[in-house]
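Here the structure comes first, spelled out in structure tokens, and everything after it is commentary.
Rule-based calculations on the coordinates, nothing more; no lab input. Since the structure is predicted, the reported quantities are computational estimates derived from the model, not experimental observations. Neighbour counts run over all protein chains shown; Cβ positions are idealised from the backbone, glycine included.
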Amino acid sequence: MADQYAQTGEDKRPTGMPVIRWEEPPEGPVVVLLDQTRLPAEEVELVCTDASALVEAIRTLAVRGAPLLGIAGAYGVALAAVRGFDVDEAALALEGARPTAVNLSVGVRRAVAAYRTALAKNGDTGAAAVAALVAARALHREDAEASARMAGHGLELLDELLPGGGHRILTHCNTGSLVSGGEGTAFAVALEAHRAGRLRRLWVDETRPLLQGARLTAYEAARSGMAYSLLTDNAAGSLFAAGEVDAVLVGADRIAADGSVANKVGSYPLAVLARYHHVPFIVVAPLTTVDPETPDGASIEVEQRPGYEVTEVTAPQVTVTGAGGGIPVAPLGTQAYNPAFDVTPPELVTAIVTEYGVLSPVTAEALAELSARSRQV
Ligand code: MRU
């Protein structure tokens, strides 16, 4: 396993360079990631030469966000196959790296299926490895296409729900080009509104404890030139009370068959606030995030992260002093509750925007029907 970091000079990522890419230097194929743990302080690449390096990158959130996890998982399988490692072992490790985002399993399984089908057909592991890579590239491309379609459907929905225009959108976590083959999910809708001159302001929750909102969404918003403001997660309630939020837009890590939505912890309280204040709570996610095998919200496995992410500030730009690598902000030995996600029940979700259209109201039947329709396209 070899992780190498390299400065990227004047490169203006993520707009100028993909957040994930496959490369074939003379030393052998690699998967190159934009290391998201280092943003916004530095833009550095993480070069993964094998699947175990990718597993580590997934665990540490160097690569993160549901759609991108799927793409990373598929490239991870291809990397193992091309480099002659045990594909099943690599697939198991990749799938197990984080439990909540179903896209990770979807990506891994798609590449494994392509590998196995090709192997069964001609018995050649080289050709099977190429098939896995083709599958990973297809998923990457399809995610970019899905992202563009969700942006269009999402803006139409906003315009319908909020006919006055001048949308003031609150978002949580990071859902832009850093999580996708394209421009993302919820953030892509805000970006579409901005380009159409209909975004008045993007309210960005900082998203404790790992600050995906402050570090990553604000970074993407600043690059896009949109009007945005950062708030502490605790400030959302007073923002609603002041009548400053027209809609909430978030992504999803897994949508159960009944329409329950697992997303970054802190999404559920926003849905409750939104309902109380009569504000639409809109989830934007590709159909790869819908998991028909998970019947309901209670069946979604929510990842529990280490306590030090709460008891220490671990942003990349802080001086390293604590046991978890950050500055302690609580007495040593403090126990922490640190779920990475929470689950919003379908009755609090105004609509789910997918690449195949908008689902509203959110019911198990409507979700099954949309999934069936997508399989026919
Ligand atoms: O822990 P993370 O940073 O991977 O969590 C990401 C989120 O919760 C996103 O909101 C979700 O993946 C949807 S992104 C399209």
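Mind ordering 265-271, 72-78, 92-98 by average Cβ neighbours within 10 Å, highest first? All intermediate terms of the calculation are to be shown ahead of the outcome.
Values: 265-271: 22.3, 72-78: 31.4, 92-98: 20.0.
For the peptides 265-271, 72-78, 92-98, the packing ranking is 72-78, 265-271, 92-98.
Return the calculated 222 nm mean residue ellipticity for the chain, to the nearest 500 deg cm²/dmol, obtained by summing -39500 (n - 2.57) across DSSP H runs with n ≥ 4 and dividing by the residue count. When only DSSP H runs of four or more count, the value is -12000 deg cm²/dmol. Residue by residue, region 119-132 carries 3J(HN,Hα) couplings of 5, 5, 6, 10, x, 10, 5, x, 5, 5, 5, 4, 4, 5 Hz when phi is fed to the Karplus relation 6.51 cos²θ - 1.76 cosθ + 1.60 (θ = phi - 60°); x denotes Gly or Pro. For the chain, the longest principal axis of the C-alpha atoms and the axis of helix 267-276 are separated by about 20°.
Normalised by the number of residues in region 214-350, what is the relative contact order in percent for Cα pairs under 8 Å and 6+ residues apart? Don't jump to the answer; show the numbers that get you there.
Numbers: 208 pairs, mean separation 37.2, N = 137.
Dividing the mean separation by the residue count of region 214-350 yields 27 percent.
In this structure the amide hydrogen of ALA247, modeled in the peptide plane, comes within under 5 Å of the amide hydrogens of ARG168, LEU170, none closer than 5 places in sequence on its chain. Is the C-alpha gyration tensor of region 204-332 telling us rounded, prolate or oblate? Criteria: a/c under 1.5 is rounded; beyond that, a/b larger than b/c is prolate, otherwise oblate. Oblate shape, in that a/c is at least 1.5 and b/c is the bigger or equal ratio.
If the chain between GLU89 and GLU347 were fully stretched, how many nm would it gain, using 0.36 nm times the residue separation less the Cα-Cα distance?
Working: separation 258, 0.36 × 258 = 92.88 nm, distance 3.98 nm.
Result for the pair: 88.9 nm of gain on full extension.
Highest mobility in the GNM of the chain, judged by mean-square fluctuation with C-alpha springs under 10 Å and restricted to ALA41, ALA128, ALA330, is found for ALA330.
Please arrange ARG215, ARG254, ARG141 by how many other C-beta atoms lie within 10 Å of their C-beta, fewest to most.
Details: ARG215 22, ARG254 28, ARG141 13.
Listing ARG215, ARG254, ARG141 from fewest to most nearby Cβ atoms yields ARG141, ARG215, ARG254.
So if each residue of separation counts as 0.36 nm, and I subtract the Cα-Cα distance between VAL302 and ALA148, what length gain in nm does that give?
Working: separation 154, 0.36 × 154 = 55.44 nm, distance 2.85 nm.
Between VAL302 and ALA148, full extension yields an extra 52.6 nm.
Per-residue Karplus couplings for region 216-225, computed as 6.51 cos²θ - 1.76 cosθ + 1.60 with θ equal to phi - 60°, are listed in order as 10, 5, 4, 4, 6, 5, 4, 5, 7, x Hz, Gly and Pro entered as x. Per-residue Karplus couplings for region 145-153, computed as 6.51 cos²θ - 1.76 cosθ + 1.60 with θ equal to phi - 60°, are listed in order as 5, 4, 4, 5, 5, 4, 4, x, 4 Hz, Gly and Pro entered as x.
Considering only DSSP beta bridges where both residues belong to the chain, give the percentage that are antiparallel (nearest 5).
Numbers: 25 of 45 bridges.
In the chain, DSSP labels about 55 percent of beta bridges as antiparallel.
Computed from Cα atoms, the angle from the helix 364-376 axis to the main principal axis of the chain rounds to 40 degrees.
The slack in the chain from THR363 to ALA323, taken as 0.36 nm per residue of separation less the alpha-carbon distance, amounts to 9.9 nm.
Local charge for PRO286 was computed over the other residues whose Cβ lies under 11 Å away, with Lys and Arg +1 and Asp and Glu -1, and equals -3.
Within the listed set ASN103, ASN263, ASN338, the residue fluctuating most in the Gaussian network model of the chain (springs between alpha-carbon atoms under 10 angstrom) is ASN338. The convex hull around the C-alpha trace of the chain, projected and averaged over every direction, spans 18.9 square nanometres.
Counting neighbouring Cβ atoms within 10 Å and putting the fewest first, the residues THR311, THR125, THR294, THR217 line up as THR125, THR294, THR311, THR217.
Placing pseudo-labels 7 Å out from each Cα toward the beta carbon at ARG200 and ALA127 gives an inter-label distance of 6.1 nm.
Of all the options GLY65, GLY243, GLY251, the one that moves most in a Gaussian network model of the chain with Cα springs shorter than 10 angstrom is GLY243.
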